[in-house]
Amino acid sequence: MAGWNLKNGVITDYCCSDDCLWSLFNHVFSDSSRKRNTYKFGFIKALLDNLFNGFNTAEGLFLSYGQIFGRFTENYWNLVVRYNLRQMRSDGRSEFSRLEIILNEAVGSNPVCAFLEFDSLDFIRKTEIIGKVADECRKYVIGALYEDFDGVIYSFDLNGSGLTVNRCVYEFMLRHKSELEKLNYYAWAKFLEKINSGNAAVYLLDKLEAATPRRGDLSVYQVILRKEFEENNCFYCGKKLGGRVHVDHFIPWSFVRDDKLWNFVLACPSCNEKKNNRLPKHDLLIRIEERNRTIMQSDDSLVQKDFENYSDDLPSRIWKYAKLSGLKEFQDNSRSA
Ligand SMILES: [Zn+2]
């Protein structure tokens, strides 16, 4: 099995056509790309989930191993701990991948963890689990996937701090984010179907979709936006906010799949409910980008963390790709202030 033991790799072609990239992705999703476990699917998902968190360089998008494996671990936490989904074909010696063993050991030493979201574990524990997963998985997936993609997907060095997604692949992944997500889920579900049975194997696609963590409690953002930045009016209709205030994902969560301050606005319940899973009007991009320029000056640690690698035109770029993915624009002309 070539590739998995590579320690580093350079990008072999900087201008692949869309046809060439579809062919490579379809190869990786197919049975021709060797898989004993689901790491490749999990890794592609972690790349897709991190497309708006990286740092742009001349070569492409730099993502740290911490960002990639943080998300990778969080997604698997839900699949392995919450849904009990096995992730490896038995090889005669073991039924479980190292990843499952690491996560199950973490729960075994503190069973109450099994009922918690990964994000609500304490910081030291989370860091320790992510560290173990990253040490174990990166050596089995990064080189193997690089080889499957004929060296065009990213450049990497396992001794470095991260990898760089090839610029043309990054643009392709942005343009086709939701199709790639679906194809990846489909291939992942097919793999899981063969090695899981009983309750675990029911609603596989739903479980894969639900694996992406979503923060239930956004009140901390409401406090920051209201108290620190005095946002007292609904972002959409401009009316004064009353007692019930909603923290809204400006670009819907279903596309961004992340909770970051630069994408949060305060809205009245009526606007938030009407907007639902739709894109804000294009005109509002100017306002959110201006608002973000003000907020990012703050030295609050949460603000700094959420704005890491943020660029001025990020909302506009995401808006364009979200529209391409099929999201409709919210047409509401009730703004009066
Ligand atoms: Zn409103």
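Just so it is clear, none of the values below were taken in a lab; they were calculated from the coordinates. None of the values given here were measured: they were computed from a predicted structure. No Cβ is skipped: glycine too gets one built from the backbone with ideal geometry, and neighbour counts run over all protein chains shown.
Structural remarks
- Fewest-first ranking of 154, 321, using other Cβ atoms within 10 Å as the exposure measure: 321, 154
- The angle separating the long axis of helix 284-295 from the principal Cα axis of greatest extent in the chain is about 80 degrees.
- Cα convex hull volume per residue for segment 8-210 (Å³): 122 Å³
- Cβ-derived FRET efficiency at R0 51 Å, residue 114 paired with residue 12, nearest 0.05: 0.70
- By the count of other C-beta atoms within 10 Å, a proxy for reagent exposure, 249, 27 are ordered fewest to most as 27, 249.
- Segment 219-324 shape via C-alpha gyration tensor axes, a/c threshold 1.5: oblate
- Listed pairs 45/274; 45/194; 182/227 exceeding 28 Å between Cα atoms: 45/274; 182/227
- For segment 236-300, chymotrypsin sites (Phe, Trp or Tyr not before Pro) are listed when DSSP marks them as loop and at most 11 other Cβ atoms sit within 10 Å of their Cβ; the list is empty.
- A simple charge model with +1 on the Cβ of Lys and Arg, -1 on the Cβ of Asp and Glu and nothing else charged puts the dipole of the chain at about 740 debye relative to its Cα centre.
- Cα centroid of segment 127-183 to Cα centroid of segment 54-109, whole Å: 13 Å
- Segment 18-130: C-alpha gyration tensor shape, a/c 1.5 cut-off, then a/b vs b/c: oblate
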